[in-house]
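In what follows, a structure is listed as structure tokens, so that the remarks can point back to it.
The values are calculated or read from the model by the stated rules, or taken from the named source; none is laboratory data. Please read these numbers as outputs of a predicted model, since none were measured by experiment. All Cβ positions, even for glycine, are placed from backbone atoms using ideal geometry, and neighbour counts span all protein chains on display. When the accessible area is computed, the model is the full protein with side chains, heavy atoms only, and any ligands, DNA or RNA have been set aside. Shrake-Rupley method; radii C 1.70, N 1.55, O 1.52, S 1.80 Å.
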Amino acid sequence: MGKLDKLDFLILEYFQQDGKCTYSQIARKLGVSEGTVRKRATKMRKDGVFDFMIRINPLKVGYSVKVFIGIHSQLGKQHEIGQWLKTFPQVIYIASYSGYHDLILQAYFENNEALVHFVNTELTPENGIEGIDVSIQLKQYKDSISYLLS
């Protein structure tokens, strides 16, 4: 994909505001043809600039415990552990970091017992993990998947 222009960014902003917004609605708001919006949106999706998705509220489907876990891995095991942790459905985010933790993951659990089971059963030294720090989210102030585009 070439460099995005102002119109591309405006189209992206409308989709961030309302992912169900139609091409014709965006075209009317921007004063361009529906075909222009469709063509640009299709190209941006094909090039991996954005994609459509649904966002489920974990609390509404029974996952009330949100945690962040910092992991200290055995030397040379970081990638292997990251790949292994991807397989757990509770884990929704995992990345390697420089600094205090080798890996940081975000996960949701139905209750504290499920979290304790995960920590005590899965995150063991036999799996290359030397230490963990578990932080349970107490209150959320912002959760956005939008990015500042302008």
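Cβ-Cβ distances below 7 Å connect the following pairs, each with a first residue in the range 68-91 that is free of Cβ contacts under 8 Å to residues at least 24 places away in the same chain, a second residue that is open to solvent by less than 60 Å² (accessible area, probe 1.4 Å) and outside any strand (DSSP E or B), and a separation of six or more residues or different chains: 91/85. Filtered by the rule that a residue be open to solvent by 80 Å² or more (accessible area, probe 1.4 Å) and either in a loop (DSSP other than H, G, I, E, B) or out of contact with any Ser or Thr (no Cβ under 8 Å at 6 or more places or on another chain) (or both), the range 123-135 gives 125, 126. Counting only residues that are open to solvent by less than 70 Å² (accessible area, probe 1.4 Å), under 17 Å from residue 146 (Cβ atoms) and in contact (Cβ under 8 Å) with a residue 24 or more places away in the chain, the range 17-54 holds 5 of them. Checked against (1) surrounded by 12 or more Cβ atoms within 10 Å (Cβ to Cβ); (2) part of a loop (DSSP other than H, G, I, E, B); (3) aromatic (Phe, Trp, Tyr), residue 147 passes all but condition (1). All told, residue 141 falls short of being part of a loop (DSSP other than H, G, I, E, B), in contact with a helix residue (DSSP H, G or I) (Cβ under 8 Å, 6 or more places away or on another chain) and open to solvent by 80 Å² or more (accessible area, probe 1.4 Å). Among residues of the range 103-122 being of a type in the set (Asp, Glu) and farther than 20 Å from residue 84 by Cβ, the one that is most open to solvent (accessible area, probe 1.4 Å) is 113.
Might you let me know whether the range 112-122 holds any residue that is part of a loop (DSSP other than H, G, I, E, B) and in contact (Cβ under 8 Å) with a residue 12 or more places away in the chain? Taking every residue of the range 112-122 in turn, none turns out to be part of a loop (DSSP other than H, G, I, E, B) and in contact (Cβ under 8 Å) with a residue 12 or more places away in the chain.
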